[in-house]
Amino acid sequence: MTNAVDVVVEPNKSAQVYLPYSTFAEAQAKLFGIEAIDFFLAKSLLPTVVKRFDANNVINDADQAQLFHLIVELNRLLRAGHTCLPISEIASQCVCRKNDVFGNITHQGFYFDNAERLNALLLQVAQIEQAKLPLVLSNGSLYLRRYYTFEQEVIGFLKAKNQQFTLPSGQELACYQNIVSTLFPETASEHSSTQADIDWQQVAVANAINKTFTVIAGGPGTGKTYTVTKLLAALAMLADDNLIIKLVAPTGKAAQRLSESIANALLGFKGIIDQNILDKIPTTAQTLHRLLGVIPNQVNFKHDQHNLLKLDVLLVDEVSMVDLPMMARLFRALPPHCKIIMLGDAQQLPSVAAGSVLADLTPSTTAKFSQQNANYLAKTTSFQSFPVSKKEPLDYLTYLTFSRRFAGDGGIGQLSKLVIAGQSEQSWQLVQHGQLNVEHELNFISPDDQEGMLELAYQRYSAVCTAENLPQAFSLLVEFRVLCAMRVGEAGVEQINAALEQRMSPFNARLYHGKPIMITTNDYGLDLYNGDIGLIWRNEEDQLMAYFEQPDGSFRALLPSRLPAFETVYAMTIHKTQGSEFSHVVMVLPQTSDSQLLTRELIYTGITRAKKNFSLMSNRSVWNQAVEAQVKRFSGIKDIN
Ligand SMILES: Nc1ncnc2c1ncn2[C@@H]1O[C@H](COP(=O)(O)OP(=O)(O)OP(=O)(O)O)[C@@H](O)[C@H]1O
């Protein structure tokens, strides 16, 4: 809902524009953390805003300075992944101020007016909403119109989907009941009346079959894919005709993992679920980009509101990585009847670009249903009592809580839980005593032992080079990875890659047999995307080629000279590993913690990339500060019921 009032105002073309800084260098000397893009955006938008104030309502220099800095601050937040700037966050605050270690001011920063004055000033901007100003004030937050429009589109889509939820009739109910008990024979007979005994996988299926939008959230190994495969089977059983089902994920790697997990789940259901039904479930996932159809050099896709996708059910995995603009573009292209199922771990890092759609849609870590939905679930599952919230029910959402991968006393599971709970000291102690951990899952490397860490990595990557064939090399490559919080600096990706490259390629060859590479830009023509990982490998003609594993397990060979920009990938940032997993992860944190990047979500994402072993190289104060810091993203997506 927006509190903006639409009034058309004639532009005041003669209005004088006041710029607080004549050059970017001047702004940079006063405002800590400003980047050229912030300055030039504010410089280019300010005249449009100022000239829209009517002639009787002249805006003075001081107010123009407030507006200029509001745009700078808004763009700084957009760069950090927020979608808006809540006025209450900056009212009466000094931003971009910095002191040196002796307390001397190095950047004077800028003081914003109090909330009353800022709101009064911005209300004039809001009042001319229909004049299509690039700024929008809505519910106390300032937006760039572009992001406001994306957000409204996503909220509108989800609200409409939620309203489609109706209670099934007696016959439908019996049908749902029957399908749920067929798919969950083990827990269908439990008939428990306590919430502690609930099989949330069974509930997730029952909760999704009568809704056109659903989110199944949970940590690694909680059975999201296993559950959703049963859900797809349930939908196939219910449908009269063959459904068009599509599986998508934000990256090629995540799409490949989804394909593998669905294929594995289907194998496990052989003999339990009718083969005709299993045959209707696809096993090949694609990227969101591919589904929507990229148009080279354009931000829009082939499929949009004018060219809808042809499908009945869409499953989107790893939703935490999907940013707001992509989500809006996806929703735009879906036919109205399409059922959308989202899977993800809301505790992971949000998308690199602006937005935190999954985290916004999963504000708590337990289910909260409306009484009506709880009654429906009591009739379709074998459980009687569900958590109900009168004020804020989230009927679209089911949480899976029991991790099969990190069950019992496993160190990785315990560590990830402590980290996400912000338990810095306990989690530090757990890694320190990792050697004593029964399953030897955790291991600590002293931050002074860079050589030891490099030697360990060298040993593991040498095995890739000496692998007998490409499939073996690729499977060894996903056995091990060094993950860093940062790109630059002593504990950054660039330095670790350079040090390992020296060992792996003593003659400094740019390309060599066994070199792992990561694509760093999108090449739609070649169907290679930022984050895709490949391997340089000598083929039978003794030629070095770049190979990429395909979702169906085959390998695609390309001449290295044809590749878009790429880099060596012995070490990679935690951000880039979302959607991937490795048997053994070594996480390297910097020696000082002055980066806002270091948060518990980053650490949690890094830890949960490890399937069997996790080694930490960090000092205590950086670890503690990182675990205590939390990602905060401002967004307007909250109440979609
Ligand atoms: N109810 C169940 N009974 C038996 N095995 C299960 C059950 N649920 C999940 N599993 C198994 O647990 C493992 C993890 O399940 P799954 O891959 O579905 O988890 P996930 O939440 O999708 O994991 P990730 O977040 O890593 O993608 C799989 O081997 C799956 O077969």
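Every condition in (1) closer than 20 Å to V588 by Cβ; (2) within 16 Å of the ligand (Cβ to nearest atom); (3) aliphatic (A, V, I, L, M) holds for V464 except the one numbered (2). Within the range 330-358, restricting attention to residues that are assigned to a helix (DSSP H, G or I) and within 9 Å of the chain's Cα centre (by Cα), the residue that is nearest to Y147 (Cα to Cα) is V357.
Against the numbered list (1) acidic (D, E); (2) within 15 Å of the ligand (Cβ to nearest atom); (3) surrounded by 21 or more Cβ atoms within 10 Å (Cβ to Cβ), D360 comes up short only at (2). Being within 31 Å of the chain's Cα centre (by Cα) and small (G, A, S) is the requirement here; does A421 meet it? Spelling it out, A421 is indeed within 31 Å of the chain's Cα centre (by Cα) and small (G, A, S). If you go through the range 554-579 and keep only what is out of contact with any strand residue (DSSP E or B) (no Cβ under 6 Å at 6 or more places or on another chain) and without any contact (Cβ under 8 Å) to a residue 40 or more places away in the chain, you end up with S554, L559, S561, R562. Within the range 255-281, being loosely packed, with under 15 Cβ neighbours inside 10 Å and more than 16 Å from the ligand (Cβ to nearest atom) holds for D274, Q275, N276, D279.
Scanning the range 206-235 for residues that are assigned to a loop (DSSP other than H, G, I, E, B) and within 9 Å of the ligand (Cβ to nearest atom) turns up G219, P220, G221, T222, G223.
Cβ separations smaller than 7 Å between residues 6+ apart or across chains give the following pairs from the range 206-235 residues that are among the aliphatic types (A, V, I, L, M) to residues that are part of a loop (DSSP other than H, G, I, E, B) and within 9 Å of the ligand (Cβ to nearest atom): A217/D345.
Pairs linking a residue in the range 249-264 that is of a type outside the set (K, R) to a residue that is near the ligand (Cβ under 9 Å from one of its atoms) and assigned to a strand (DSSP E or B), with Cβ atoms under 7 Å and 6 or more positions apart or on different chains, do not occur.
For the range 529-556, the set of residues classified as over 20 Å from R510 (Cα atoms), buried (at least 21 other Cβ atoms within 10 Å of the Cβ) and in contact with a Lys or Arg (Cβ under 7 Å, 6 or more places away or on another chain) is empty.
Checking the conditions here, which among V588, V631 is surrounded by 21 or more Cβ atoms within 10 Å (Cβ to Cβ) and either at pLDDT 90 or above or more than 16 Å from the ligand (Cβ to nearest atom) (or both)? Just one listed residue meets the conditions, V588. Among the numbered conditions (1) in contact with a Ser or Thr (Cβ under 8 Å, 6 or more places away or on another chain); (2) at pLDDT 90 or above, the only one that N139 does not meet is (2). If the condition is being under 14 Å from I198 (Cα atoms) and surrounded by 21 or more Cβ atoms within 10 Å (Cβ to Cβ), then the range 387-398 contributes only T398. Tallying residues that are closer than 19 Å to A509 by Cα and crowded, with 22+ Cβ neighbours inside 10 Å within the range 567-585 yields 3. Close contacts from the range 126-142, counting a first residue that is within 14 Å of E89 (Cα to Cα) and part of a strand (DSSP E or B) and a second that is modelled with pLDDT of 60 or more and not hydrophobic (A, V, I, L, M, F, W, C), with Cβ to Cβ under 6 Å and a gap of 6+ residues or different chains, come to S141/P86. Taken over the range 604-638, the residue count meeting the criterion of being in contact (Cβ under 8 Å) with a residue 40 or more places away in the chain, of a type in the set (A, V, I, L, M, F, W, C) and outside any helix (DSSP H, G or I) is 7.
Taken over the range 303-329, residues that are out of contact with any strand residue (DSSP E or B) (no Cβ under 7 Å at 6 or more places or on another chain) and in a strand (DSSP E or B) amount to 0. Just one of the listed residues (L324, L400, L415) is of a type in the set (A, V, I, L, M, F, W, C), within 14 Å of the ligand (Cβ to nearest atom) and touching a Ser or Thr at 6+ places or on another chain (Cβ under 9 Å), namely L400.
The values are calculated or read from the model by the stated rules, or taken from the named source; none is laboratory data. All of these numbers come straight from a predicted model, not from anything done at the bench. Here Cβ is always computed from backbone atoms with ideal geometry, including for glycine, and neighbour counts include all displayed protein chains.
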